[in-house]
Every structure is written in C-alpha cells, then in structure tokens.
1. Figure the gain on full extension for Gln160 and Gln99 (residue separation times 0.36 nm, minus the Cα-Cα span) and round it to one decimal in nm.
2. Do you know the relative contact order of segment 30-164, to the nearest whole percent, from alpha carbon pairs under 8 angstrom that are 6+ apart?
3. Per-residue ellipticity at 222 nm for the chain, helices alone: DSSP H runs ≥ 4 residues times -39500 (n - 2.57), over residue total, nearest 500 deg cm²/dmol?
4. What spacing in nm lies between the two simple spin-label points modelled at Glu32 and Asn62, each 7 Å away from Cα in the Cβ direction?
5. Rg and Dmax of the chain, using alpha carbons, in Å: what are they?
6. What nm value, rounded to one decimal, do you get for the distance between Ala150 and Glu12 when each label is placed 7 Å out toward the C-beta?
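FYI, it's all coordinate maths here, none of it is from the lab. These numbers come from a predicted model, not from an experiment. Cβ sites come from the backbone with ideal geometry, for glycine too, and all protein chains shown count toward neighbours.
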Amino acid sequence: MLDPRMQDALNEQINAELFSAYLYLAMAAYFEAEDLPGFAHWMRVQAQEELEHAMKIFDFVNERKGRVHLAEIKAPKATWASPAEAFEDALHHEESVTQRIHNLVELARSLKDYATEVFLQWFVEEQVEEEATAEAVLRKVQRAKDHPPALLMLDRELGQRKPE
C-alpha cells in the first residue's frame, strides 16, 4: 500500500504528465498553423509519449493499492513567436519535469518506499533522453533560424519521427 504522501505526489505527477501532453498538443497546433507539419507531427508523437508516462504512473498507483485522483488540467500556452521559442519552452518544460521526478525519488527514499524508488528510475532515465532530444532539436532550429530552406529540411526530418 502506498503512503498517502507518496500517493498524493504520484497523483500530482499524473496531472503533470497529462499537462505535458496538452502542452505538446498546443505546440502541434501552433506548428500546424505555421504550415510546419513535420514539427507538428514531432509534437504529436511527444504528446502521445507523455500520455503513456501518465498511464504508467496511473497503473503503478493502482498496482500498489493506491487511489488515482484526477485533477483539472490547466490550459497550456497556445502561441509562440517562433519555432525556436517553442522548442526553448519544450526544453525548459522537460527540465522542470526532471526536477519533479527527482523530488519524487527523494520522497520515496525518505519514506523508505523502495518499490516506488525502483519504479521511478525508469522516469529518471527517460528524462535524460527527453532533455537531450529537446535540446538537440532546439540547436538545429536555432541554426536554421534565418535560413528558410534549412527550416523546411528540418520540418521534413522531424516529420519522420516514429512513436517509441
């Protein structure tokens, strides 16, 4: 059985992961409006990953005889000044998610909840990948900034992303 503090923290993380999906869908809508379908596709795949993360935690809470409590998901930002700004926001968002995951690990350790700590290691590793990927795309977008053909080539590349 989950400690009530751990249960509450995991429920907050479910909400944060669902917000992440909303944020990436908002970015996908922005890129669609900017006629960058490859960027939009990349963000849709990212949104799907975030939904999978939320469900992974959802299932874990249930497996541990906890209770999932879904809360309201706040609306994300809807517009960005440029593709670079959107990816800067994506990177900053992933950095904040990483901090949230680290806080969950610390809580699990303080409660001597070893099962949850082991479960969270997958997320610790996933966040390393999430940050690296967002940063790599951001660097490419920044390089293409003043060169429209390069941006269109990047759009084509991002459109090839496959769900994991």
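1. Stretched out fully, the Gln160 to Gln99 stretch lengthens by 19.0 nm.
2. About 42 percent, as a whole number.
3. Calculated mean residue ellipticity at 222 nm is -27500 deg cm²/dmol.
4. Rounded to a tenth, the inter-label distance reads 2.9 nm.
5. In order Rg, Dmax, the Cα atoms of the chain give 17.2, 56 Å.
6. Placing both labels 7 Å beyond Cα along the Cβ direction yields 4.1 nm.
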